[in-house]
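Following: one structure in structure tokens, then a few remarks.
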Amino acid sequence: MSVTPSSDSTVRESYAADASGLHLVPEMVARPESVEEVIELLRRATADRMPVTCAGAQTSTTGASITDKGMLMSLRALDRISAIDEENRTITVGPGALVGEIKRSVAAAGFLFAPDPTSEEESTIGGAIACNASGARTFKYGATRKHVQALKVVLASGELMEFRRTNLEKNTVGYAFAHDPIDWFIGSEGTLGVVVEAELALLPLPAHVVGLAIFFASEELALRFVVATRESLTVVPRCIEYFDQRAIEIARTVAQEGMIPDDAAAMVYVEEEVGDDLDLTLARWAELVELIAPDFEPLVFDGEASLREARRIRHSIPSTMNERGSRYRDAGGRKVSTDWAVPYHKVGEAVRTARALAADKGVEQAVIYGHAGNGHPHQNFIARDAKELATIEGVVEQTLKHVLALGGTVAAEHGIGKIKRRWLPLQMNGLQVAMMTAVKRELDPFGILAPGNIL
């Protein structure tokens, strides 16, 4: 069995872009259709000292899935979805399987795969594992990492290894970072090995979920409501999502006419898994809303079709911003997306400072939306040319310094990739970088995997 990488210019160009706005044309493209072909490609790459960057559906916002060095290896053909192991509540999948397809497959059998990146219909599970992706429901269920039970990984040498989560409640053997080697690869953005199979943990599918869109007269009130929801003893949300006025304007273009009030300045969207009494659940939310946002009637999304509509409206925001950013690529511009997070009770302060820093430099305010329940909203700027891009990136760096001063992180779900690599040293000290470099050197001694990602 042998696979020959393509050097055809049309093929190479078709893999030159992802959702980051960067454009990097690989020297060649390989499209393996089996684990054996992945092993062969990596053995040859190591022998030739050929850089290899893996890609799935190329929805990375950080440039992690594109390269202009060596070979791009597309894993889309490794898209097998196995039968569900109902006794152990797991499913085994290939890295090229789309997250949305996995979720539908397990839902049909009464199970839930909890991670829900907004791009789940276009993103692969391999990509989700590579950046430890999360989504709205991460508020309740956590990011991808905790839902991965086992991985098969091909190392740079071509050696196939399996790593299984121990699930121990106690373990004092050796250094903590060596207890579960599976976690080295989740979030490693393809720099330590190539994931060729994953065993995923499943949960029982909730019987009934209700969503509420709650509108506010100001951003300040909406972000106060986020904190109040986090600290409430009466409601149990599985997601708390925030949308500023610019995000609402985008949502109006795809929502039913009249669905979103004309005078709403901000919105918070929540979901809760309901027990036997929907009326009681809604009454508890109504009490909380009345304390902070009495001017607007919440919009209720009840039933699977209605929840899908809410998700479609939410997805319109990043997809619209991606489209806007792509218009300016030829002029040296693009969308600039932040991924910072702070402790949830500091999200209002972080957003106020971010807006002030942008205003001080004369930058058009970002669209702000996302996972405020985790202290993790996204800023989406549009840079129309290279000069504006440099100014916006300067604003982002100042914002990140303030975020770190609040006890936050520069990247909470999209990873570092190539775009955010410059900001990693703002958060990590030399010792931390040296430890990561040592692990990288041990697993990839010639540094051929995903050059430019993270380190």
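The values are calculated or read from the model by the stated rules, or taken from the named source; none is laboratory data. In this text the structure is predicted, and so the values were computed from the model without any measurement. No Cβ is skipped: glycine too gets one built from the backbone with ideal geometry, and neighbour counts run over all protein chains shown. Ligands, DNA and RNA are excluded from the accessible area calculation, which covers all protein heavy atoms including side chains. Shrake-Rupley method; radii C 1.70, N 1.55, O 1.52, S 1.80 Å.
What the table shows:
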{"item": "Selection from the stretch 42-57 of residues that are within 16 Å of residue 189 (Cα to Cα) and either open to solvent by less than 30 Å² (accessible area, probe 1.4 Å) or among the hydroxyl-bearing types (Ser, Thr, Tyr) (or both)", "result": "52, 53, 55, 56"}
{"item": "Scan of the stretch 339-394 for residues that are of a type in the set (S, T, N, Q) and open to solvent by 10 Å² or more (accessible area, probe 1.4 Å), ordered by number", "result": "353, 365, 374, 391"}
{"item": "Output for the stretch 188-211, where each listed residue is open to solvent by less than 40 Å² (accessible area, probe 1.4 Å) and either part of a loop (DSSP other than H, G, I, E, B) or acidic (Asp, Glu) (or both)", "result": "188, 189, 190, 191, 192, 193, 199, 202, 206"}
{"item": "Evaluation of residue 83 against (1) among the aliphatic types (A, V, I, L, M); (2) surrounded by 19 or more Cβ atoms within 10 Å (Cβ to Cβ); (3) over 12 Å from the mean Cα position of the chain (by Cα) (one fails), failing number", "result": "(2)"}
{"item": "Yes/no for residue 268 being surrounded by 23 or more Cβ atoms within 10 Å (Cβ to Cβ) and either free of Cβ contacts under 8 Å to residues at least 24 places away in the same chain or closer than 19 Å to residue 284 by Cβ (or both)", "result": "yes"}
{"item": "Failed criterion for residue 38 (all others in (1) closer than 22 Å to residue 454 by Cβ; (2) aliphatic (A, V, I, L, M); (3) open to solvent by 30 Å² or more (accessible area, probe 1.4 Å); (4) not in a loop (DSSP other than H, G, I, E, B) hold)", "result": "(3)"}
{"item": "Residue check for residue 243: more than 20 Å from the chain's Cα centre (by Cα) and within 27 Å of residue 113 (Cα to Cα)", "result": "no"}
{"item": "Members of the stretch 306-338 found to be surrounded by fewer than 23 Cβ atoms within 10 Å (Cβ to Cβ), among the polar types (S, T, N, Q) and touching a residue at least 60 places away in the same chain (Cβ under 8 Å), listed by number", "result": "306, 316, 320, 322, 326"}
{"item": "Test for residue 226: is it more than 18 Å from residue 321 (Cβ to Cβ), aliphatic (A, V, I, L, M) and in contact (Cβ under 8 Å) with a residue 24 or more places away in the chain", "result": "yes"}
{"item": "Lone unmet requirement of (1) under 22 Å from residue 208 (Cα atoms); (2) touching a strand residue (DSSP E or B) at 6+ places or on another chain (Cβ under 7 Å); (3) in a helix (DSSP H, G or I) for residue 300", "result": "(3)"}
{"item": "Whichever residue in the stretch 161-187 is part of a loop (DSSP other than H, G, I, E, B) and touching a residue at least 40 places away in the same chain (Cβ under 8 Å) and, among such residues, is nearest to the chain's Cα centre (by Cα)", "result": "187"}
{"item": "Among (1) open to solvent by 30 Å² or more (accessible area, probe 1.4 Å); (2) of a type in the set (D, E, K, R); (3) under 23 Å from residue 349 (Cα atoms), the one test that residue 244 misses", "result": "(1)"}
{"item": "Hey, residue 214 surrounded by 18 or more Cβ atoms within 10 Å (Cβ to Cβ), in contact with a helix residue (DSSP H, G or I) (Cβ under 8 Å, 6 or more places away or on another chain) and assigned to a loop (DSSP other than H, G, I, E, B) or not", "result": "no"}
{"item": "Matching residues, the stretch 63-121, being polar (S, T, N, Q), under 24 Å from residue 322 (Cα atoms) and assigned to a loop (DSSP other than H, G, I, E, B)", "result": "65, 67, 118, 119"}
{"item": "Residue tally, condition out of contact with any strand residue (DSSP E or B) (no Cβ under 9 Å at 6 or more places or on another chain) and not aliphatic (A, V, I, L, M), over the stretch 174-187", "result": "5"}
{"item": "Those residues of the stretch 87-120 which are of a type in the set (Ser, Thr, Tyr) and without any contact (Cβ under 8 Å) to a residue 40 or more places away in the chain, in sequence order", "result": "105"}
{"item": "Single unsatisfied condition, residue 21 versus (1) at pLDDT below 95; (2) over 26 Å from the mean Cα position of the chain (by Cα)", "result": "(2)"}
{"item": "Residue in the stretch 138-160 that is over 30 Å from residue 373 (Cα atoms), touching a strand residue (DSSP E or B) at 6+ places or on another chain (Cβ under 6 Å), open to solvent by 30 Å² or more (accessible area, probe 1.4 Å) and of a type in the set (Asp, Glu) present", "result": "no"}
{"item": "Residues within the stretch 399-435 that are in contact with a Ser or Thr (Cβ under 9 Å, 6 or more places away or on another chain) and either farther than 29 Å from residue 54 by Cα or assigned to a helix (DSSP H, G or I) (or both), tallied", "result": "7"}
{"item": "Residues of the stretch 248-267 satisfying the condition of being aliphatic (A, V, I, L, M), part of a helix (DSSP H, G or I) and farther than 12 Å from residue 213 by Cβ", "result": "250"}
